[in-house]
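So the structure is just underneath, and the comments pick up after that.
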Amino acid sequence: MTITIEPAAYDIYMRSIARRPPEEYAVLAGFLDDPFHVTDLRPIPPMTDARGRANAGHAHVQLNADYIGHYLNRELVPFGKYLLGILHTHPLGITRLSGGRAGGGDGDIPSMRGTLERAAKSEPRWQYFLAPIGMYDVDQGKDHLIGNVVCLDHPEPIPASINIVSKIVQPAAIQASSSVTSDVGFPADDLIAHGWRYQERINSILADQSTPRPHREWMANYLDGIRQQDLLARRERLLRSVDRQA
Ligand SMILES: [Zn+2]
């Protein structure tokens with residue numbers, strides 16, 4: 001099992017809660033059709049008591065359900081994304097998630113299992129709670145991330161490796177048409193316009209959040225391939241007609 005974290009998301013972690021005294025936490029988010037790929041990371045304040053004091057210390061932090069819910073509803077769901085898990089920091093050396101009474105809400109594992117159980121009613125696709133632990137070694141100036149995945153089918157957390165790498169596919173730029181004007185002495189406007197019509201279709205496919213993302217990306221890449229063939233064929237025809245005119 002491997003958790004992939006986008007470098008931009010990892011950077012937010014490293015510049016924020018990684019360097020602060022434990023315990024703090026950040027929500028991990030992404031697309032549920034790729035539930036081990038973290039695209040977004042957001043540090044969230046701990047729960048507060050009636051007097052506004054944060055319920056967090058060197059060995060615990062209580063999640064703030066209202067903040068997480070707001071982030072979920074305002075910044076994730078409208079973009080087709082969802083919660084994937086929580087990264088939280090531990091004192092150096094505490095490499096394991098904490099246990100505790102089932103349903104008690106104290107301890108990492110029971111609270112994560114409880115979250116998955118409650119979420120199952122509204123979002124049954126969320127099956128894997130990504131639960132990396134971050135530990136910062138002040139003396140070495142080094143951060144350690146330990147990968148864990150909590151899943152209702154397994155009584156114990158599943159160890160996972162962590163990969164900081166970008167998996168985001170960028171839509172291909174139009175290249176076939178741009179070289180035409182300088183190569184040959186005829187206007188390439190219609191070729192460029194034709195390429196843009198493909199791009200508009202590609203953009204609307206990529207933006208359609210009702211379609212699972214891998215499928216959108218497959219369709220966009222497929223259309224991009226067709227566009228290239230189409231533009232090259234049109235370019236050939238134009239070149240031949242310019243030859244004939246010359
Ligand atoms: Zn913990």
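Evaluate the range 90-110: report whether one residue or more is under 13 Å from ALA26 (Cα atoms) and at pLDDT below 95.
Let us first name the residues in the range 90-110 that are under 13 Å from ALA26 (Cα atoms), namely 90.
So of that shortlist, the ones also at pLDDT below 95 come out as 90.
Yes, some residue in the range 90-110 is under 13 Å from ALA26 (Cα atoms) and at pLDDT below 95.
Beta carbons closer than 6 Å, at least 6 apart along the sequence or on distinct chains, pair a first residue in the range 133-149 that is assigned by TED's automatic domain parsing to the domain that holds LEU92 with a second that is within 14 Å of the ligand (Cβ to nearest atom) and polar (S, T, N, Q) for GLY134/THR89; ILE146/THR95.
Number of residues in the range 188-214 that are in contact with a helix residue (DSSP H, G or I) (Cβ under 7 Å, 6 or more places away or on another chain) and small (Gly, Ala, Ser): the value is 2.
Pick from the range 29-40 the residues that are within 8 Å of the chain's Cα centre (by Cα) and aliphatic (A, V, I, L, M): which of them is surrounded by the most Cβ atoms within 10 Å (Cβ to Cβ)? Checked the range 29-40; the qualifying residue surrounded by the most Cβ atoms within 10 Å (Cβ to Cβ) is VAL38.
Quick grid of which residues meet (1) under 19 Å from TRP126 (Cα atoms); (2) hydrophobic (A, V, I, L, M, F, W, C):
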| position | (1), (2) |
| --- | --- |
| MET47 | no, yes |
| ARG51 | no, no |
| ALA56 | no, yes |
| GLN62 | no, no |
| GLU75 | yes, no |
| LYS81 | yes, no |
| LEU92 | no, yes |
| ARG96 | no, no |
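Residues are listed down the side, and each one gets a yes or a no for (1) at pLDDT below 95; (2) more than 21 Å from ASP137 (Cβ to Cβ); (3) assigned to a helix (DSSP H, G or I):
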position	(1), (2), (3)
ILE3	no, no, no
MET14	no, no, yes
PRO21	yes, no, no
LEU32	no, yes, no
ARG42	no, yes, no
GLY52	yes, yes, no
HIS58	yes, no, no
LEU83	no, yes, no
ILE86	no, yes, no
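Checked against (1) part of a loop (DSSP other than H, G, I, E, B); (2) within 14 Å of the ligand (Cβ to nearest atom); (3) at pLDDT 90 or above; (4) not hydrophobic (A, V, I, L, M, F, W, C), ARG113 meets all criteria but (1). Checking ASN64, ASN73 one by one, the residue that is loosely packed, with under 12 Cβ neighbours inside 10 Å, more than 10 Å from the ligand (Cβ to nearest atom) and not small (Gly, Ala, Ser) is ASN73 and no other.
When each of PRO155, PRO159, PRO132 is tested for being within 14 Å of the ligand (Cβ to nearest atom) and out of contact with any Ser or Thr (no Cβ under 7 Å at 6 or more places or on another chain), the lone residue that passes is PRO132.
The values are calculated or read from the model by the stated rules, or taken from the named source; none is laboratory data. These numbers were taken from a predicted model, which means no experiment stands behind them. Note that we place each Cβ from the backbone using ideal geometry, even for glycine, and neighbour counts take in every protein chain shown.
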